Amino acid sequence: MGLAVASGRPARHSWPQLRRLVGSCGTWRARSPAPERRRPCRAAVTPWLCPGSALHTARPRCQEVPLTCERYGLRRLPFSRLSRGDVAFFEGLLPGRACTNPEELTACNVDWLKSVRGCSELLLKPKTAAEVSQVLRYCHERNLAVNPQGGNTGLVGGSVPVFDEIILSTALMNQIISFDPVSGILVCQAGCVLEQLNEYLEEQGFIMPLDLGAKGSCHIGGNVATNAGGLRLLRYGSLRGTVLGLEVVLADGTVLDCLASLRKDNTGYDLKQLFIGSEGTLGVITAVSILCPQKPKAVNLAFLGCQDFSRVQETFTTCRTMLGEILSAYEFMDEKCMELVEKHLGLSNPVRGSPFYVLIETSGSNSTHDEEKLNSFLEQAMTSGLVTDGTVAVDDKKIKTLWSLRERITEALTRDGCVYKYDVSLPVGKLYDLVTDMRARLGQSAKNVVGYGHLGDGNLHLNITAESYSHSLLDAIEPFVYEWTARCNGSISAEHGLGFKKKQFIQYSKPNEAVFLMQRFKAMLDPKGILNPYKTLPSSP
């Protein structure tokens, strides 16, 4: 087995020698075929106005993203319509932070995937929970629908209006309230950007317990509202365990202060769990208390090639056994994913020619100890034939370069055309079978069918791209993908939530009794249904 260093010339090295070469991003490989080339297709978004608008009369000529209500043939619920008097009230309440400018509203009305579009005419930017309370109290009295919005990085249409709901942005609620370096507990407002929180914590010797590809834009409040999973869940668990307390404003303006900073509190019902994963339908999260782990002193990253998915699974079993407590992430992606990030983003795959790739991260407190464990694992994986080629990085720059191959797959997919995204939980042994079956089912009607995700969590991201949106293609995908998942006792949403796109399919993962109870919670906390309507729960017959 040869090792190719910076020059690309083969040489023989043991795994300990490879470990010393990682400063130059040493790579060992068997072959490097050229990736397949396809013509890129990009989507565009232009401004719009809502049909029947009372505030604006002109419409732009070009609309690249159809209105959600028109594409899906939806009927607007009987909420009040925004009046000039309403706008005047909000302008008085939030001077300079009540926006009716169509150009500024454009980005807030379209989701990140450019797949759904609302026609809100008002964007509100409160700075405090008290202001959110006043906004919701007024909207509750006037029966005005509200769309809470964080960084607008959601992938199921849950973060943008369906019709003309008022957009309530947390963008200016971005203050860190406190951090205790002894307990590692951070308290902050909901609009804090995940990456900025992590940078702040790193200066204190800590990190956030979650990491996402959208970390540069997503808000912690939105992360909690969708119960985001991400890349560190294997090591640090879900937000249901790390979030200690929440401050939430209910639909009628009531401020629910459960912003506890205690790891133990066994007094009554754990109300915060109602709002984690509720996607803004039960209340607006305005502040979060979260337990943060210490920053690891030693981080290593291995990017490896496997010849089939069974070896991807065996590699995970082996590394979990041999790496133990230092294993912090185990991601997999297929070769189609790598082709797309190379073609659309210009990234370079250092390990080519494999049908599957795995990205393994270790993090710990002793670099010598971690290196020894990683070297032993890599040597075992290579000699047993589990992996055929790979590269290892230890310095921050090269680690970020390797992580970008995984984190930017979603971005590459959006440049490949219209994307149909599915985020499912499955038994690990069946994880990639869904991708294989979907490819066979769709044939040439799809441009690309790819699979990647968090194998350690049993979480598959199935993505299908096409030149443009097609009802017939959607009908071929749904409900097949949900039926397939249900037969394997999986979940139709592992970490993205249900939002607008998946709400009608909740019965594939939850019994009718559970859905009915959820609807009762919704009716109790939001009797008028003004918070993020048309989302999460199925419409009544």
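The values are calculated or read from the model by the stated rules, or taken from the named source; none is laboratory data. In this text the structure is predicted, and so the values were computed from the model without any measurement. Cβ coordinates were reconstructed from backbone atoms using ideal geometry, including for glycine residues, and neighbour counts include every protein chain displayed. Calculation scope for accessible area: heavy atoms of the full protein, side chains included, ligands and nucleic acids excluded. Shrake-Rupley method; radii C 1.70, N 1.55, O 1.52, S 1.80 Å.
Numbers at a glance
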quantity	calculated
Exclusive hit being closer than 24 Å to Leu498 by Cα, buried (at least 24 other Cβ atoms within 10 Å of the Cβ) and at pLDDT 95 or above, set Gly305, Gly280	Gly280
Residue check for Gly529: more than 23 Å from the chain's Cα centre (by Cα) and surrounded by 13 or more Cβ atoms within 10 Å (Cβ to Cβ)	yes
Flag if Asn109 is modelled with pLDDT of 95 or more, touching a Gly at 6+ places or on another chain (Cβ under 7 Å) and within 19 Å of Tyr534 (Cα to Cα)	yes
Residue pairs meeting the criteria (Cβ under 6 Å; at least 6 apart or on separate chains; first of a type in the set (Phe, Trp, Tyr), in the stretch 324-346; second modelled with pLDDT under 95)	Tyr330/Leu455; Tyr330/Gly456; Phe332/Leu455
Residue within the stretch 247-265 that is open to solvent by 30 Å² or more (accessible area, probe 1.4 Å), charged (D, E, K, R), within 21 Å of Asp457 (Cα to Cα) and part of a loop (DSSP other than H, G, I, E, B) present	no
Criterion violated by Gly353 - all others in (1) in contact with a Pro (Cβ under 9 Å, 6 or more places away or on another chain); (2) open to solvent by less than 50 Å² (accessible area, probe 1.4 Å); (3) at pLDDT 95 or above satisfied	(3)
Criterion violated by Ser217 - all others in (1) under 30 Å from Gly253 (Cβ atoms); (2) crowded, with 20+ Cβ neighbours inside 10 Å satisfied	(2)
Only listed residue being touching a residue at least 24 places away in the same chain (Cβ under 8 Å) and farther than 29 Å from Ser493 by Cβ, chosen from Thr318, Thr267, Thr286	Thr318
Whichever residue in the stretch 88-103 is more than 30 Å from Lys503 (Cβ to Cβ) and assigned to a helix (DSSP H, G or I) and, among such residues, is least open to solvent (accessible area, probe 1.4 Å)	Leu93
Condition broken by Glu411, with the remaining ones in (1) within 18 Å of Gly346 (Cβ to Cβ); (2) without any contact (Cβ under 8 Å) to a residue 60 or more places away in the chain satisfied	(2)
Some residue of the stretch 212-230 being part of a helix (DSSP H, G or I) and either touching a Lys or Arg at 6+ places or on another chain (Cβ under 7 Å) or among the hydroxyl-bearing types (Ser, Thr, Tyr) (or both)	no
Test: residue in the stretch 420-432 that is acidic (Asp, Glu) and out of contact with any strand residue (DSSP E or B) (no Cβ under 6 Å at 6 or more places or on another chain)	no
Strands (runs of 3 or more DSSP E) contained entirely in the stretch 115-208, each with at least 1 residues that are crowded, with 22+ Cβ neighbours inside 10 Å	146-149, 166-169, 185-189
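Condition check ((1) touching a Pro at 6+ places or on another chain (Cβ under 8 Å); (2) over 30 Å from Ser178 (Cα atoms)) across all residues:
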site	(1), (2)
Cys292	yes, no
Ser363	yes, no
Ser367	no, yes
Asn375	yes, yes
